[in-house]
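The values are calculated or read from the model by the stated rules, or taken from the named source; none is laboratory data. Every value quoted in this text rests on a predicted model; they were computed, and no experiment measured them. No Cβ is skipped: glycine too gets one built from the backbone with ideal geometry, and neighbour counts run over all protein chains shown.
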Amino acid sequence: MLKNLSTEAPIFMVEIIPKPAPKRPLWLEILFYLGITLIIIVIGAYFGLNYLYKKDTQNIKSLEEQISKVKTPKESALKQKLTEKKTKINDFSALLDGHRIDSNVFSFLGSICHPRVRFLSLNFSKSGEDFKIEIPGEAESYETLHQQLLILKAEKLIKEMKLSGISIGKEGKINFGLSLTLGPEIFKFK
């Protein structure tokens with residue numbers, strides 16, 4: 001019995017001889033080995049730098065110990081004295097900053113007083129952070145009193161001003177009472 005070869009399913013032949021593997025391009029080989037080399041360098045650098053860091057840290061500690069051993073008692077005493085002096089200077093600065101100079105009020109009033117106005121007395125008190133000054137005075141005329149009030153209103157150090165008790169006194173002069181509220185900046189040491 002003969003079989004028809006054309007009607008049968010094709011038979012695949014198994015190759016017994018292996019084909020050579022296809023060659024990779026040269027640039028791909030170079031890139032591969034370059035990448036591996038870089039990874040090895042980075043890992044080596046990490047461990048090398050870590051080693052150098054620890055070694056330098058130990059050197060610094062040993063140098064600090066040597067420096068502390070070299071310090072003499074005289075240097076320690078001098079350092080303590082300097083620290084005490086610094087504390088005293090800082091305390092004095094704080095005391096000076098908080099000191100109030102009341103005599104500044106007199107130079108301030110002298111600078112803002114009209115030549116034809118005379119302040120008769122001064123009553124000084126503190127309320128909170130502000131300072132209140134009660135001043136009875138005498139002016140030659142109403143015009144002079146008005147000019148004095150304009151001078152006082154223009155002054156920035158005066159927070160509040162009240163005029164009271166206006167009357168005509170002896171010899172035709174104008175008597176008045178003035179109340180000024182000043183901030184603490186006028187009393188600072190300059």
Task: Residue that is modelled with the lowest pLDDT [pool: residues in segment 115-156 that are within 27 Å of Glu171 (Cα to Cα), under 44 Å from the mean Cα position of the chain (by Cα) and of a type outside the set (A, V, I, L, M, F, W, C)] - done: Asn123
Task: Those strands (runs of 3 or more DSSP E) lying entirely in segment 25-144 with at least 1 residues out of contact with any Lys or Arg (no Cβ under 8 Å at 6 or more places or on another chain) and loosely packed, with under 10 Cβ neighbours inside 10 Å - done: 123-127
